1. Which of the residues spanning segment B:152-164 are within 12 Å of another protein chain (Cβ to nearest Cβ) and either within 19 Å of B:Ser188 (Cα to Cα) or within 21 Å of the chain's Cα centre (by Cα) (or both)?
2. What do you reckon, is A:Ala105 away from chain B (no Cβ under 13 Å), touching a Ser or Thr at 6+ places or on another chain (Cβ under 7 Å) and modelled with pLDDT under 95?
3. Identify, from the list B:Pro192, B:Pro178, B:Pro99, the residue that is touching a Phe, Trp or Tyr at 6+ places or on another chain (Cβ under 8 Å) and surrounded by fewer than 21 Cβ atoms within 10 Å (Cβ to Cβ).
4. Inside segment B:54-90, can you point out the residues that are assigned to a helix (DSSP H, G or I) and out of contact with any Phe, Trp or Tyr (no Cβ under 7 Å at 6 or more places or on another chain)?
5. Please work out which one of (1) surrounded by 17 or more Cβ atoms within 10 Å (Cβ to Cβ); (2) of a type in the set (D, E, K, R); (3) free of Cβ contacts under 8 Å to residues at least 12 places away in the same chain is the condition B:Glu122 fails and give its number.
6. Checking B:Met219 against (1) surrounded by fewer than 22 Cβ atoms within 10 Å (Cβ to Cβ); (2) over 27 Å from B:Ser23 (Cα atoms); (3) within 20 Å of the chain's Cα centre (by Cα); (4) among the hydrophobic types (A, V, I, L, M, F, W, C): exactly one of these is not met. Which one?
7. If you take the residues of segment B:134-151 that are assigned to a helix (DSSP H, G or I) and touching a residue at least 24 places away in the same chain (Cβ under 8 Å), which of them is nearest to B:Gln165 (Cα to Cα)?
8. Return the residues of segment A:125-144 that are of a type in the set (A, V, I, L, M, F, W, C), crowded, with 20+ Cβ neighbours inside 10 Å and part of a helix (DSSP H, G or I); say none if nothing qualifies.
Amino acid sequence: MIAAVTFGEVTLKLFEGFLSTLKIFGLTLLFALPLGLIISFGSMSRFRPLKYVVKVFVWIIRGTPLMLQLIVIYYGPGLIAMAARNSGASNFFVDLMEKMNNFSAMTMVVIAFVINYACYFSEIFRGGIESITQGQYEAGYVLGMTKSQIFFKVILLQVVKRIIPPMSNEIITLVKDTSLARIITAYELIWAAQKFIKSAGLLWPLLYTGVFYLAFCGLLTLLFGYFEKKLSYFRS
Amino acid sequence: MPILEVKNICKSFGKVEVLKGISFNIEKGEVLTLIGSSGSGKTTLLRCLNFLEAPTVGTITLNGETLFSSEDTKALSDREKRDRRLHFGLVFQQFNLFPQYTALKNVTLAAELLKKEELKYEKAPKSKVKEELEKVRDHAAELLDSVGLSDKMDNYPCQLSGGQQQRVAIARALALDPEILCFDEPTSALDPELTGEVLSVIRSLAQRNMTMIIVTHEMEFAKSVSDKVIFMDDGVIAVEGTPREVFEESNNERIQKFLKSVNK
């Protein structure tokens with residue numbers, strides 16, 4: 001039997017799903033931004049082995065679909081643990097896989113998203129940092145500034161200004177990529193809407209999710225526009 | 001005793017030898033100009049003096065203290081490098097002002113950081129720190145005034161003309177009280193009508209007995225401001241002497257060719 005649902009009830013349920021979407025979005029940004037900066041330093045390192053390891057890692061992550069990465073990280077540990085159990089192997093790595101197999105779907109989603117987005121962010125950071133002329137560093141050096149003073153007092157804000165447009169692009173993509181979480185059974189906005197197909201035979205809640213995405217992306221666009229304007233007082 | 005003694009500086013980049021044994025002295029208060037065609041090594045020499053490049057061979061001695069010696073294989077720590085750099089100031093061809101700071105902040109930034117570090121080391125009380133930073137600020141304002149920019153202190157570099165930017169850069173270099181101020185083609189990136197204002201600032205520094213090393217293509221300026229001129233050619237000093245000796249009395253074939261080509 002199919003129960004009648006009101007518009008208000010649908011909105012409420014979708015809002016719950018949207019909060020979960022926001023959680024994936026927020027946690028991914030929180031961890032992927034600093035991790036991305038660290039990865040970018042790795043890919044610019046003068047220590048060749050580190051540089052190449054990082055570059056290969058970034059290539060693998062950017063070269064495969066996020067959906068595939070979600071599947072690997074969600075099912076991989078379980079498969080490895082099972083194979084190890086069957087062959088009687090037991091070590092630190094197998095224990096870790098066992099443990100990961102027990103993580104919630106949400107945790108796995110955040111791990112996969114953080115790794116994926118950190119790699120994209122790292123390339124944006126790298127581009128931004130490398131676009132600053134050598135002259136800025138040299139001016140700092142001849143004025144007796146230390147490397148970290150030069151980076152934090154001179155370079156960083158110029159980098160931030162330059163990377164706002166590509167960053168906002170990537171961050172807006174992230175909003176919509178959160179819908180992939182459903183693949184590995186993590187609850188989010190699209191899933192919340194799909195439930196109404198089964199429970200009430202309704203398709204329109206699925207279309208209604210678009211309103212949530214549009215509103216949120218609109219808000220982000222305004223926010224990035226504001227940052228860009230804030231930093232328009234200088235040219236570099 | 002000369003303030004600066006440079007002995008047998010050689011610098012190679014890979015297999016390319018850019019400097020092939022440069023030696024010269026300057027006295028306190030002297031103005032030395034380096035002239036020569038591009039690629040002759042003038043800029044590399046300045047960069048070696050400012051520790052932006054390490055010479056392959058040679059020594060640099062300031063006031064009797066050896067700042068650099070290729071014999072000394074011990075790697076310098078960042079702090080040592082920095083202390084040595086501070087004896088010199090450098091004004092770049094492309095100004096290299098910090099775009100996100102006002103003219104005043106460009107001048108005070110490095111001096112403030114140094115002061116803060118020093119006072120932290122002395123464990124100075126907050127009131128003292130504030131007082132000292134105010135002094136840095138006042139000094140910076142005086143310097144900007146002396147280069148004719150007292151009304152532009154709160155402007156950002158993008159709001160200033162090239163000549164004004166270069167004058168801010170000169171004030172910025174002076175803020176750290178260098179013993180020797182170096183200029184790397186300070187007017188080459190400027191429109192012709194803006195070179196005059198920068199050159200007159202340099203001239204007034206010469207009148208106040210600032211020790212300076214200037215790389216320039218402005219021959220008339222070099223003639224009138226210098227105590228000593230060095231003509232570099234292919235990594236060596238081809239001719240050196242007073243402006244008169246270099247510009248008028250030298251029979252060196254290379255310099256005559258060079259002077260003819262720049263006076264065309």
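1. The first filter runs over segment B:152-164 and keeps only residues within 12 Å of another protein chain (Cβ to nearest Cβ), leaving B:154-160.
Of everything in segment B:152-164, those that are within 12 Å of another protein chain (Cβ to nearest Cβ) and either within 19 Å of B:Ser188 (Cα to Cα) or within 21 Å of the chain's Cα centre (by Cα) (or both) turn out to be B:Pro157, B:Cys158, B:Leu160.
2. Details: away from chain B (no Cβ under 13 Å): yes; touching a Ser or Thr at 6+ places or on another chain (Cβ under 7 Å): yes; modelled with pLDDT under 95: yes.
Here the answer is yes, as A:Ala105 does meet what is asked.
3. On the way: B:Pro192 fails: touching a Phe, Trp or Tyr at 6+ places or on another chain (Cβ under 8 Å); B:Pro178 fails: surrounded by fewer than 21 Cβ atoms within 10 Å (Cβ to Cβ).
Of the residues listed, the single one that is touching a Phe, Trp or Tyr at 6+ places or on another chain (Cβ under 8 Å) and surrounded by fewer than 21 Cβ atoms within 10 Å (Cβ to Cβ) is B:Pro99.
4. From segment B:54-90, those assigned to a helix (DSSP H, G or I) are B:78-85; that's our starting set.
Result: B:Asp78, B:Arg79, B:Glu80, B:Arg82, B:Asp83.
5. Only one criterion is unmet by B:Glu122, namely (1).
6. Evaluating B:Met219 over (1) surrounded by fewer than 22 Cβ atoms within 10 Å (Cβ to Cβ); (2) over 27 Å from B:Ser23 (Cα atoms); (3) within 20 Å of the chain's Cα centre (by Cα); (4) among the hydrophobic types (A, V, I, L, M, F, W, C) leaves (2) as the failure.
7. Among those that are assigned to a helix (DSSP H, G or I) and touching a residue at least 24 places away in the same chain (Cβ under 8 Å), it is B:Leu144.
8. We begin by selecting, within segment A:125-144, every residue of a type in the set (A, V, I, L, M, F, W, C); these are A:125, A:129, A:132, A:139, A:142-143.
If we keep only those that are crowded, with 20+ Cβ neighbours inside 10 Å as well, we get A:125, A:139, A:142-143.
Result: A:Phe125, A:Ala139, A:Val142.
The values are calculated or read from the model by the stated rules, or taken from the named source; none is laboratory data. It should be emphasised that the depicted structure is a prediction, and the values quoted were computed from it without experimental measurement. Cβ: placed from backbone, ideal geometry, glycine included. Neighbour counts: every protein chain shown.
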